[in-house]
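Everything on this sheet refers to the single structure shown next.
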Amino acid sequence: MASSFGFGGSNAVTKAGTTSVNTAQTHMLDEHVLTPASINSIELHGAVNTRRSLLDHVLNPVVEEAAAQGTTLGQVLDHIGAATKKLARFDIFKEDGFSVFLSEAPRPDSGVPADRTELDISIRVKEKSRLVFSAGTDFGNTEGSAYTNAVARNVFGGAETLSVNASAGTRTRSAYNATLSAPVNGNPDLRLSAEALRSVTQKPWASHEEQLTGGNLRLAWLNENSDTHAVVYSAAWRQLTGLAATASPTVRADAGDSFKSSLTHTFTRDRRDNPMLPQSGYLLRSISELAGWGPLTGDVSFAKTEVEATGALPVSVPGVQGNSGVFVSGGFRMGVLYPLPLGYSLTGLTQPSRINDRFQLGGPTDVRGFKLGGLGPHDGVDAVGGDVYTAGSVNAYLPLPRTGPDSPLRLQLFANAGRLVAINSSTGKKSKEGNRKTLSMSSAAVLKGVGSALSELTNGVPSLAAGIGLVYAHPVARFELNFSLPLVQRKGEEGRKGFQVGVGINFL
């Protein structure tokens with residue numbers, strides 16, 4: 001964001017964030033930065049569609065901080081700069097539309113000299129368009145889609161945003177959602193949002209499609225360390241339908257309706273220099289979900305946790321000064337799903353996890369060299385998922401000839417491995433729920449099954465693949481074309497020898 005600080009109507013302005021100003025300005029700032037100062041008045045121009053109460057949350061603390069004894073001009077400038085950055089984070093003002101002008105307030109006629117300079121501050125902003133319509137293509141992990149989107153900004157004058165989206169994709173046949181979000185207590189780093197959604201997703205690796213109808217209530221915030229947190233309550237009616245003629249008994253047993261009510265917390269710490277192709281830095285992420293237990297209703301109950309850690313380091317090359325363009329990266333992911341009894345008990349009978357809640361592993365965006373869902377338990381042609389998994393990857397990136405060290409195009413060498421294991425539910429007791437036969441496990445059997453699955457992760461060499469390929473880091477998504485060779489593959493798993501195309505935003 002470029003903020004401007006003008007003094008007393010002078011044509012000389014200092015652009016915040018730039019590294020050079022003229023000599024006269026520098027001398028003037030050095031001369032006055034330690035001058036005692038306070039704020040007499042603040043005026044904000046251009047926010048015609050924004051409520052006064054929202055602006056007061058940002059600007060009143062600036063006046064109060066400047067009223068403290070010993071406040072200097074430099075500190076006032078810092079407070080004003082922080083306030084304009086905060087205004088920009090509401091995403092209702094144009095980043096290049098901020099200008100701040102300072103002038104000395106008229107002194108009283110009493111003749112008594114003031115102990116510090118009183119400032120009148122004028123802030124000018126330009127609001128973004130309130131209505132935006134867009135259409136185009138979007139990319140997620142293993143999927144591309146076409147979408148239309150309508151966004152209404154500053155709906156009620158408090159930086160609220162209403163977004164309505166419709167899309168159709170390669171896996172998600174159709175998806176519709178509407179989201180209304182707003183800052184909490186005038187804080188752009190603390191937002192509350194409500195979402196309604198409906199989608200139909202094909203899952204050919206498990207011979208079915210899933211229809212989902214539900215809603216989310218989300219509270220997200222950014223802490224002082226620039227880490228993001230989000231707490232989400234979700235309620236979703238899931239229909240597992242559209243079974244193929246070759247669908248396995250496992251898929252057929254889970255077909256039909258289920259209702260999931262869950263609470264999820266997501267933590268993200270991202271210190272990478274580029275999210276699509278980082279050459280340095282690291283990413284830490286954790287996702288914890290509790291469904292169906294305690295006050296949460298529904299007919300599925302479990303605790304589910306995933307953790308992810310990735311990092312990248314540049315590599316110096318002898319004879320090359322500065323950035324060589326060569327770097328290595330590594331990543332690790334792990335997840336555990338622990339079935340729970342419904343209600344408040346921890347010792348009651350528990351149903352095994354369903355196929356639409358289990359983990360899937362394998363594909364061009366995680367364990368390359370395997371088909372989508374190619375790792376882990378299979379029933380016939382269907383990848384039925386697992387309850388515990390680990391996956392890791394080591395990558396080396398080299399610049400192509402004549403492309404330079406900063407090119408988004410790279411040659412990639414990789415080796416990745418993974419293991420996906422299901423809890424053994426064969427010791428469970430069969431029961432009947434309506435017209436559907438189910439299998440129930442005791443709490444002791446679940447604990448033993450999870451422990452056995454965790455132990456199985458380290459039993460023998462994991463499924464392993466290596467390869468070489470090209471990577472292109474577009475600002476919207478990352479594209480990979482790899483030649484992969486599975487080196488270790490367990491019985492029933494589906495490897496992918498040869499070329500594999502990956503498009504996504506989050507790669508292992």
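Values in this text are rule-based calculations from the coordinates and carry no lab data. Everything numeric here is computed off the predicted structure, so don't read it as measured data. We place every Cβ from the backbone using ideal geometry, glycine too, and count neighbours over all the protein chains shown.
Helix 443-457 and the longest principal axis of the C-alpha atoms of the chain enclose an angle of approximately 80°. Counting other Cβ atoms within 10 Å, keep those with at most 16, restrict to DSSP loop, and tell me which chymotrypsin sites (Phe, Trp or Tyr not before Pro) in the stretch 466-508 are left. Listed in order of number, the matching sites amount to none. Multiplying the residue separation of TYR233 and LEU131 by 0.36 nm and subtracting their alpha-carbon distance yields 33.9 nm. Label-to-label distance for ASN223 and ALA68 is 2.4 nm, based on points extended 7 Å past Cα in the beta-carbon direction. Between the alpha-carbon centres of the stretch 210-243 and the stretch 307-340 there is a gap of 28 Å. Proximity of backbone amide H atoms, modeled 1.01 Å from N, is registered between LYS128 and PHE93, LYS94 at under 5 Å, excluding neighbours fewer than 5 places apart on the same chain. Taking the helices alone, the chain has a mean residue ellipticity at 222 nm of -4000 deg cm²/dmol, built from -39,500 (n - 2.57) per DSSP H run of at least 4 residues and averaged over all its residues.
Per-residue extension of 0.36 nm, minus the Cα-Cα distance of ALA166 and PHE483, leaves a gain of 110.7 nm for this segment. Stretching the chain fully between GLU456 and GLU104 yields a gain of 119.4 nm (0.36 nm per residue, less the alpha carbon separation). Give me the angle, in degrees from 0 to 90, between the Cα long axis of helix 23-32 and the longest principal axis of the Cα atoms of the chain, rounded to the nearest 10. Result, in degrees: 80.
Our summary of shape: the Cα atoms of the stretch 131-504 have principal axis extents of 71, 59, 40 Å, ordered from largest down, in whole angstrom.
The stretch 452-508 and the stretch 41-82 have their alpha-carbon centroids 52 Å apart. When peptides 199-211, 375-387, 272-284 are ranked by their average number of other Cβ atoms within 10 Å per residue, the highest-first order is 375-387, 199-211, 272-284. Counting only alpha carbon atoms, the long axis of helix 52-66 and the longest principal axis of the chain meet at about 60°.
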